1. Answer yes or no as to whether VAL59 is more than 16 Å from the ligand (Cβ to nearest atom) and part of a strand (DSSP E or B).
2. Of the residues ILE370, ILE386, which single one is crowded, with 17+ Cβ neighbours inside 10 Å and either free of Cβ contacts under 8 Å to residues at least 40 places away in the same chain or touching a Ser or Thr at 6+ places or on another chain (Cβ under 8 Å) (or both)?
3. From the list GLY25, GLY46, GLY95, GLY19, which residue is more than 16 Å from the ligand (Cβ to nearest atom), farther than 21 Å from HIS204 by Cα and either among the charged types (D, E, K, R) or open to solvent by 30 Å² or more (accessible area, probe 1.4 Å) (or both)?
4. Across the stretch 108-139, what is the number of residues that are more than 15 Å from the ligand (Cβ to nearest atom), assigned to a helix (DSSP H, G or I) and open to solvent by 20 Å² or more (accessible area, probe 1.4 Å)?
5. For the stretch 163-170, check the following and say yes or no: at least one residue is outside any helix (DSSP H, G or I) and open to solvent by less than 10 Å² (accessible area, probe 1.4 Å).
6. So GLY105 ticks every box in (1) assigned to a loop (DSSP other than H, G, I, E, B); (2) closer than 22 Å to CYS228 by Cβ; (3) open to solvent by 20 Å² or more (accessible area, probe 1.4 Å) but one. Which box is left unticked?
7. Restricting attention to the stretch 70-83, which residues are under 10 Å from ALA216 (Cβ atoms) and assigned to a helix (DSSP H, G or I)?
Amino acid sequence: MSVPRPRPHEAERPAILGGRKLVEGWLRVTEPTLPPWWRLLPDLMGIWQRRWLTNGGPVERELERQLAAMLETRHVVSAANGTLALMAALRAVAGRGEVLVPAVGFSATVHAILAAGATPRFVDVDPESWLLTPSLAQAAVTSSTVGILAVHLYGQPCDSLGLEAVASRHGLALLFDAAHAFGSVYASGRPIGSAGMAEAFSFHATKVLTSGEGGAVSTNDPRVARACRQLLAFGDAGTGYAEQAAWNGKLSELHALLALRALPMVNHWIARREQIAARYRANLAQLPGLRWQATAPGSRTNHQFVPLAILRDEFGLSADQLVAALKAEGIELRRYFAPALHEHPAFRAYAHIELPVAQHLARTLVCLPIYSHMSLEHVDRVCQAIHRVYVWREHVATQVDEAGHPARSAR
Ligand code: T4K
């Protein structure tokens, strides 16, 4: 005997079905948290008085010094953005062969590999942590492999010790794309930024620590630091000659200042993000078909993102359907990171194999809104929106198809 389903409550009708929007205006998936603007005024005056705007100015050098102290690393080289930081780090340590890279992530990681003259070899990720693990890397090494570029995806730390063991066993360069992970901590208790041959950060407007556009390479090896500095300044080590083909990837004083004055607040902001992420988990715990990224015992994420995998068969709606339904509520969810990297048109030439976990994740991942000054009331609104979309899921599915487009019946 089939049990009749209770009718969804009218008052809980989602906006996509004609109910009242839960958010006034538009709740962005993220926005930058900034130091108070007036605190920057004396520094701005200094920049104006010095008339020194870039090329190794005092603010940029002070930022590098403070970053190195915080990251517990010997050298930090600032960069105009995270992509250039990664390009320089790759060129400095890896040769022109194959670099192993996880197939879930942002295109910039692969652009950097290609720009540095290497070749990406896409590797599947772990179904729990969604990261490149030592065993997956080990299994992917070939005679052409020259390096491993692991990504601390969403801010979640990779197993640095395990990856270091694989790299040293095969004589490979080990690099970390730490674009998402400023302030995250390895299981060993060391800050992200201190492992491998180098780690590369992004300080884009969407990151926990931002300079608008910006990035940095951290390394304990003075030769890598010197090479990166040269690569980010026309290949010129101060001689006036271009000693190698290179780029202009320097960070300006104005950008450096923004990050420098934000730096003392970062730990407080990460603590706030921890509360936000915990609230999401608690509020959504009763819903079926939601999977969270696993954190390795002892390690700590900065919660750069709050990613969630939506299992359609259990939740009743696909990730794209949920994104469309929340958009109607005034809430921005993002499909970071779909498609899988080897499925981007630009990189298909390098995709020789099926990567089932990456492909599954690309179909199911969404990122919930988070920023360091987000109110818990807004977190609750997002959760309420997800709850009511779930309660009305069968009706929602009549409006939007699985790809998130208006359903045929609703057109
Ligand atoms: N490696 C990895 C793993 C990466 O994810 C990235 C970049 C890199 C390397 C390279 O680092 P960078 O070269 O970028 O430094 C963003 C960022 O542009 C990019 O930095 C980031 N990863 C990537 C995952 O996402 P979009 O295209 O999502 O940004 P956008 O403009 O759609 O904005 C997202 C949300 O933020 C919106 O709700 C609007 C809001 N926003 C945005 C900006 C720019 C603001 O509130 N204020 C702002 O100023 O790319």
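1. Values: more than 16 Å from the ligand (Cβ to nearest atom): yes; part of a strand (DSSP E or B): no.
When the stated conditions are applied, VAL59 does not pass them.
2. Values: ILE386 fails: either free of Cβ contacts under 8 Å to residues at least 40 places away in the same chain or touching a Ser or Thr at 6+ places or on another chain (Cβ under 8 Å) (or both).
When all the criteria are applied, what remains is ILE370.
3. Details: GLY25 fails: more than 16 Å from the ligand (Cβ to nearest atom); GLY46 fails: either among the charged types (D, E, K, R) or open to solvent by 30 Å² or more (accessible area, probe 1.4 Å) (or both); GLY19 fails: either among the charged types (D, E, K, R) or open to solvent by 30 Å² or more (accessible area, probe 1.4 Å) (or both).
None of the other options fit; the residue is GLY95.
4. 5
5. So the first thing to find is which residues in the stretch 163-170 are outside any helix (DSSP H, G or I), and the list is none.
Among the residues of the stretch 163-170, not one is outside any helix (DSSP H, G or I) and open to solvent by less than 10 Å² (accessible area, probe 1.4 Å), which makes the answer no.
6. Just one mismatch for GLY105, condition (3).
7. Those that are under 10 Å from ALA216 (Cβ atoms) and assigned to a helix (DSSP H, G or I): LEU71, GLY82.
A quick yes/no check of all residues on (1) on the phi > 0 side of the Ramachandran plot; (2) free of Cβ contacts under 8 Å to residues at least 60 places away in the same chain; (3) under 21 Å from the mean Cα position of the chain (by Cα):
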residue	(1), (2), (3)
THR119	no, no, no
GLU128	no, no, yes
VAL151	no, yes, yes
TYR154	yes, no, yes
SER160	no, yes, yes
ALA165	no, yes, no
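The values are calculated or read from the model by the stated rules, or taken from the named source; none is laboratory data. Quick caveat, the model's predicted, so the values are computed rather than measured. Because the Cβ atoms are built from the backbone with ideal geometry, glycine has one as well, and the counts that use them run over all protein chains shown. These area figures cover heavy atoms from the full protein model, side chains too; ligands, DNA and RNA do not enter into them. Shrake-Rupley method; radii C 1.70, N 1.55, O 1.52, S 1.80 Å.
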